[in-house]
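Some notes on the structure that comes next.
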4 protein chains.
Amino acid sequence: MPNDEQSEDWPAQVQRELRRFAEARDWPRYHTPRNLLLALVGEVGELAELYQWDPPTPPPPDRVAEEVADVLIYALRFADVAGVDVTKAVAEKIARNEHRFPPLNDRTP
Amino acid sequence: MPNDEQSEDWPAQVQRELRRFAEARDWPRYHTPRNLLLALVGEVGELAELYQWDPPTPPPPDRVAEEVADVLIYALRFADVAGVDVTKAVAEKIARNEHRFPPLNDRTP
Amino acid sequence: MPNDEQSEDWPAQVQRELRRFAEARDWPRYHTPRNLLLALVGEVGELAELYQWDPPTPPPPDRVAEEVADVLIYALRFADVAGVDVTKAVAEKIARNEHRFPPLNDRTP
Amino acid sequence: MPNDEQSEDWPAQVQRELRRFAEARDWPRYHTPRNLLLALVGEVGELAELYQWDPPTPPPPDRVAEEVADVLIYALRFADVAGVDVTKAVAEKIARNEHRFPPLNDRTP
């Protein structure tokens, strides 16, 4: 018998975890699209702070990893609340970009 | 025999597609962490524009889906170039949040 | 007799113009701090798009000027609605930074 | 005899202070347009964090004032380095908006 949780793709699985996390804290009422969008802006700002002075060596990997995780967590939670099918949206956008920006070997005579 | 591409998780699969996409256009030289970060800022800005006047009805679903896809695409491409293991970083951050914010039923007597 | 409008500093003068502009269009109801903040995010995103691929020559000056103007307009309108005294806040922050970051000649023996 | 510093408008005056501040710390080499743009993104992110959970009462006024000051400081410093004439750019943008969005009394019969 199929196990729905096991057959889920990664975005759906993370979104389910984030939903449970929010529900266990009575937070879904705070998780509106606009609130999550502002939270995403805050996390992108924290990632920007690591790179703003153009450091000669990359910022500490664990700091970068944590800020990237925060960006992805809020983007995925936003998508869940806003009703966006993430795997479909990303696949469609990549397909559209393939069409908009032909690869080099298609442009040469 | 295992098929590496099939056993990949979703972020790794999307990152591989984006890498191929960039290479077919000779774009990897433009895909530095800072450039991709500024591109991410641009996409978050486009998502914000859909919500900025607090519309009484949600913005058009296909527009929201496209902007969310752009945010995720640049976040995943950034993570690839910056050497972040996305599934690990997200799992660790969720685990850390579980610890930092105890659920309600753990706080009641 | 003093002319209040003439003796105003630049931020107060721009804020007065933006207030009149909004009122003439029945827009003050849309100009909440959160809405203006999301609009500011959108404008910062547009400025970022001009610089995201690290162009070898600067972006077109008129495009840069227009996006900077949009950023300042929303920041000043936000400040007005949120009740921030801009000239005081900026002067205080610069004074605080002077203290936090001593200049080089104060650090040398 | 005219005093150039006294006759300066507020943006030029603040930009002059910020320039002196940077020079006294040997920081102009870090103040490229892209670096300042990423710093601006960081400050907008900090402002967003104050509003992200849609607080029932406004955030602490001194926190809001400080973050708004940081946004304006980086926007003005960016404009100086990028060669944007701020008072001209803002005046032109407001004039353009007057034209693009006719006021209500001009639209009624």
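Looking at the calculated P(r) for the protein assembly as shown, what percent of the C-alpha pair distances fall above 42 Å? The share of Cα pairs beyond 42 Å in the protein assembly as shown comes to 19 percent.
Of C:Ile73, C:Ile94, the sequence from fewest to most neighbouring Cβ atoms within 10 angstrom is C:Ile94, C:Ile73.
With r as the distance between the Cβ atoms of C:Glu17 and A:Thr87 and R0 = 51 Å, compute the FRET efficiency 1/(1 + (r/R0)^6) and round to 0.05. Working from the Cβ atoms, E equals 0.60. Between identical copies, the spacing of C:Asp9 label points, each set 7 Å from Cα toward the C-beta atom, reads 1.5, 5.1, 5.3 nm from nearest to farthest. Helices that extend 18 Å or more along their long axis by alpha-carbon positions and average at least -0.5 on the Kyte-Doolittle scale are, among the DSSP H runs of chain A, A:33-51, A:61-82. Considering helices alone, the calculated mean residue ellipticity of chain C at 222 nm is -22500 deg cm²/dmol, with DSSP H runs of length four and up weighted by -39500 (n - 2.57) and normalised per residue. As a proxy for reagent exposure, D:Arg100, B:Arg25 were ordered by neighbouring Cβ count within 10 angstrom, fewest first; the result is D:Arg100, B:Arg25. Neighbour counts of C-beta atoms inside 10 Å place D:Val41, D:Val71 in the sequence D:Val71, D:Val41, starting with the fewest. Averaging over all projection directions, the Cα-based convex hull of chain B occupies 11.8 nm² in the image plane. Using a cut-off of 28 Å between Cα atoms, the listed pairs C:Lys88/D:Lys88; A:Lys88/B:Lys88; A:Lys93/D:Lys88; C:Lys88/D:Lys93; A:Lys88/D:Lys93; A:Lys93/B:Lys88 include A:Lys93/D:Lys88; A:Lys88/D:Lys93 as exceeding that distance.
Since every read-out is calculated from the coordinates, none of them should be taken as a lab result. Note that the coordinates shown come from a computational prediction; the quantities given were computed from them, not determined experimentally. Glycine gets a Cβ as well: all are built from the backbone with ideal geometry, and neighbour counts include every protein chain shown.
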